[in-house]
């Protein structure tokens with residue numbers, strides 16, 4: 001809000017400073033009072049905490065004729081030494097720390113204090129001879145109540161004044177921010193006898209607009225697009241995201257702010273992060289609990305004014321919502337008993353189903369379940385094998401897309417050297433596992449066998465040097481293997497060129513480091529990153545069988561009944577089921593969230609994202625300039 005009529009920014013800066021000082025002076029007295037009251041409150045609160053263990057001691061020291069009371073704190077390790085002092089009775093208070101409250105009783109004529117100092121005893125000096133610890137505690141408590149009341153009154157006055165001056169405050173604050181930005185621009189100007197030069201960054205799409213705004217006589221504007229290997233500094237990053245997905249940016253920023261050279265992975269993350277979480281945590285009931293917790297956590301963040309908590313809670317909301325959907329398809333609801341019942345628990349379809357089975361077994365939904373059963377935990381050994389294959393297939397697709405984003409990013413930045421020497425070889429490498437697992441769809445009825453044949457062919461070529469081209473799968477395996485070799489040798493050559501041209505390395509040093517960074521390391525990562533995605537659906541299996549185990553224990557605790565209701569009506573069984581689900585929600589939910597981040601940060605982002613950028617912070621005006 002507000003406006004500024006500027007002729008000379010230096011003069012205007014003085015006027016802005018004077019206006020802010022005048023406004024500050026109006027609030028100075030009440031702010032000083034509030035600060036003083038807060039400082040006194042903190043000091044008294046600290047004293048009150050020290051006196052808390054002794055608040056029941058109501059005898060003033062002056063009333064004692066023969067004995068004296070010494071109150072204070074000692075280290076836990078010093079307690080045995082205090083007990084050894086002759087003529088001293090010790091009462092030790094409870095403490096969760098190493099600092100223990102201690103009350104000592106000794107004869108008045110004894111010199112206990114000097115011995116206690118040697119041991120490291122801290123005396124509470126506020127207790128006077130005429131005042132008991134209890135009376136002192138009550139007086140401090142009364143003073144704290146007075147301060148709290150006075151502080152609320154001052155805060156109320158301050159809030160009323162702020163509401164009255166809100167337009168003026170906004171105008172002065174906006175003028176200050178605008179003045180700071182103006183001074184920052186002027187401080188970076190290069191001035192000669194005839195010209196003034198300004199350098200900076202602006203988004204490419206704003207260049208034409210900037211040209212039109214600066215279309216004055218004597219003003220010249222030129223620009224260039226930075227190059228990855230030639231730039232001496234990293235340009236700032238300008239990322240504009242829809243409001244609904246901005247919370248996921250907080251997950252990105254844990255890894256690092258995207259640099260100018262990178263595509264922001266937030267759009268990518270909005271799909272993959274909740275999707276992977278849902279695949280690893282497919283239980284409608286458990287996910288519903290996390291969803292409700294995320295709602296509470298978001299409201300808590302609002303009350304505390306914590307943007308990080310609010311953003312994290314939204315990420316949990318998105319992820320748990322997807323987990324509820326996958327839980328519906330997987331037929332998971334706090335374990336197998338509520339839906340599958342004893343039939344699923346004991347593997348006998350003739351036994352009782354769960355009470356929620358009719359709800360899940362509706363037209364269409366039951367067909368989806370039976371279609372997916374070969375990759376579900378209820379699918380037995382075949383289900384486990386198919387789960388592993390599907391996990392690696394998912395990893396191959398995501399890694400392929402990640403490396404493709406790296407290529408698109410280099411093309412978008414118009415940097416051919418970076419594209420050819422670094423991004424293309426990585427793309428070729430991660431195209432190989434993608435092609436292997438896509439080839440399986442040429443024979444969907446025997447997907448596992450088809451993929452296995454290609455992998456067998458690759459092993460035969462690389463380990464046994466058995467060049468058998470009798471099967472189409474082996475021929476395809478040879479093509480994939482050649483693609484991997486091309487990617488590795490291309491990466492080696494590209495890395496050597498970069499090391500020699502841009503990092504000044506020569507001869508054997510460039511070749512040695514180039515081999516490690518351009519061939520050896522990418523080969524290891526190709527294998528480890530792809531296989532690492534096994535964890536996605538293996539976590540789903542683990543989640544199912546953890547709840548399966550607790551459900552079976554509940555079944556045994558109920559005396560192996562013939563009905564599911566008898567299990568739920570047994571208190572011991574209920575306790576077992578509650579404990580099992582709480583462990584699954586708290587521990588597995590946390591582990592899955594962490595593993596989801598790991599898959600993104602390590603396996604996927606490393607193909608196209610470094611996160612070493614700095615945010616684009618333009619110098620803008622916060623008020624209208626006239």
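The values are calculated or read from the model by the stated rules, or taken from the named source; none is laboratory data. Computed from a predicted structure; not experimentally measured. Counting neighbours? That spans all protein chains shown, and the Cβs are built from the backbone with ideal geometry, glycine included.
Can you spot a residue in the stretch 210-233 that is touching a strand residue (DSSP E or B) at 6+ places or on another chain (Cβ under 9 Å), surrounded by 10 or more Cβ atoms within 10 Å (Cβ to Cβ) and not in a helix (DSSP H, G or I)? Full working, then the answer.
Initially, the stretch 210-233 is screened for residues touching a strand residue (DSSP E or B) at 6+ places or on another chain (Cβ under 9 Å), giving none.
Within the stretch 210-233 (the criterion being touching a strand residue (DSSP E or B) at 6+ places or on another chain (Cβ under 9 Å), surrounded by 10 or more Cβ atoms within 10 Å (Cβ to Cβ) and not in a helix (DSSP H, G or I)), the answer is no, since none of the residues qualifies.
Which residue, of 37, 4, is surrounded by 16 or more Cβ atoms within 10 Å (Cβ to Cβ), within 30 Å of residue 172 (Cα to Cα) and under 40 Å from the mean Cα position of the chain (by Cα)? Give the derivation first.
On the way: 4 fails: under 40 Å from the mean Cα position of the chain (by Cα).
Every option except 37 fails the conditions.
Part of a helix (DSSP H, G or I) and without any contact (Cβ under 8 Å) to a residue 12 or more places away in the chain: which single residue out of 587, 577 fits that description? Full working, then the answer.
Details: 577 fails: without any contact (Cβ under 8 Å) to a residue 12 or more places away in the chain.
Going through 587, 577 in turn, the sole match is 587.
So is residue 106 surrounded by 13 or more Cβ atoms within 10 Å (Cβ to Cβ) and over 24 Å from residue 134 (Cα atoms) or not? Spell out how you get there, then give the answer.
Details: surrounded by 13 or more Cβ atoms within 10 Å (Cβ to Cβ): yes; over 24 Å from residue 134 (Cα atoms): no.
No, not satisfied.
Kindly indicate which of 276, 312, 269, 292 is at pLDDT 70 or above, more than 16 Å from the chain's Cα centre (by Cα) and not in a loop (DSSP other than H, G, I, E, B). Steps first, answer last, please.
Values: 276 fails: more than 16 Å from the chain's Cα centre (by Cα); 312 fails: more than 16 Å from the chain's Cα centre (by Cα); 269 fails: more than 16 Å from the chain's Cα centre (by Cα).
Of the residues listed, the single one that is at pLDDT 70 or above, more than 16 Å from the chain's Cα centre (by Cα) and not in a loop (DSSP other than H, G, I, E, B) is 292.
Name every residue in the stretch 332-350 that is more than 16 Å from residue 577 (Cβ to Cβ) and either part of a loop (DSSP other than H, G, I, E, B) or under 36 Å from the mean Cα position of the chain (by Cα) (or both), in order of residue number.
The initial filter retains those residues of the stretch 332-350 that are more than 16 Å from residue 577 (Cβ to Cβ), namely 343, 346-350.
Passing the criteria: 347, 348, 349, 350.
Evaluate the following for residue 542: is it within 30 Å of residue 492 (Cβ to Cβ), assigned to a helix (DSSP H, G or I), outside the structural domain of residue 287 (by TED's automatic domain parsing) and in contact with a helix residue (DSSP H, G or I) (Cβ under 9 Å, 6 or more places away or on another chain)? Step through it out loud before you land on a result.
Details: within 30 Å of residue 492 (Cβ to Cβ): no; assigned to a helix (DSSP H, G or I): yes; outside the structural domain of residue 287 (by TED's automatic domain parsing): yes; in contact with a helix residue (DSSP H, G or I) (Cβ under 9 Å, 6 or more places away or on another chain): yes.
So residue 542 fails the test.
Residue by residue, here is whether (1) modelled with pLDDT of 85 or more; (2) more than 25 Å from residue 330 (Cα to Cα) holds:
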{"site": "523", "(1), (2)": "no, yes"}
{"site": "533", "(1), (2)": "no, no"}
{"site": "537", "(1), (2)": "no, no"}
{"site": "550", "(1), (2)": "yes, no"}
{"site": "554", "(1), (2)": "yes, no"}
{"site": "565", "(1), (2)": "yes, no"}
{"site": "569", "(1), (2)": "yes, yes"}
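Within the stretch 296-312, track down each residue that is free of Cβ contacts under 8 Å to residues at least 24 places away in the same chain and in contact with a helix residue (DSSP H, G or I) (Cβ under 7 Å, 6 or more places away or on another chain).
Those that are free of Cβ contacts under 8 Å to residues at least 24 places away in the same chain and in contact with a helix residue (DSSP H, G or I) (Cβ under 7 Å, 6 or more places away or on another chain): 297, 298, 300, 301, 302, 309.
Criterion first (farther than 22 Å from residue 623 by Cα, surrounded by 11 or more Cβ atoms within 10 Å (Cβ to Cβ) and in contact with a helix residue (DSSP H, G or I) (Cβ under 7 Å, 6 or more places away or on another chain)) does residue 158 satisfy it?
When the stated conditions are applied, residue 158 passes them.
Find the residue count for the stretch 527-539, including only residues that are surrounded by 19 or more Cβ atoms within 10 Å (Cβ to Cβ) and not in a helix (DSSP H, G or I). Reasoning before the result, please.
Here is the first cut: in the stretch 527-539, the ones surrounded by 19 or more Cβ atoms within 10 Å (Cβ to Cβ) are 529-530, 532-533, 535-537, 539.
Still in the list and also not in a helix (DSSP H, G or I): 533.
So the answer is 1.
Picking from 395, 487, 491, 457, which residue would you name as being free of Cβ contacts under 8 Å to residues at least 60 places away in the same chain and either surrounded by 15 or more Cβ atoms within 10 Å (Cβ to Cβ) or assigned by TED's automatic domain parsing to the domain that holds residue 516 (or both)?
Values: 395 fails: free of Cβ contacts under 8 Å to residues at least 60 places away in the same chain; 487 fails: free of Cβ contacts under 8 Å to residues at least 60 places away in the same chain; 491 fails: free of Cβ contacts under 8 Å to residues at least 60 places away in the same chain.
The match here is 457.
Select from the stretch 556-574 the residues that are in contact with a helix residue (DSSP H, G or I) (Cβ under 6 Å, 6 or more places away or on another chain) and assigned to a helix (DSSP H, G or I) and write down the one among them that is farthest from residue 392 (Cα to Cα).
572
In the stretch 464-521, what residues are in a helix (DSSP H, G or I) and at pLDDT below 80? Can you show your working first?
Kept after step one, since they are in a helix (DSSP H, G or I), are these residues of the stretch 464-521: 464, 472-502, 507-521.
Once the filter is applied, which keeps residues that are in a helix (DSSP H, G or I) and at pLDDT below 80, the stretch 464-521 yields 464, 502, 507.
Which count do you get for residues in the stretch 427-447 that are surrounded by 18 or more Cβ atoms within 10 Å (Cβ to Cβ) and either outside the structural domain of residue 398 (by TED's automatic domain parsing) or farther than 19 Å from residue 403 by Cα (or both)?
Qualifying residue count for the region: 3.
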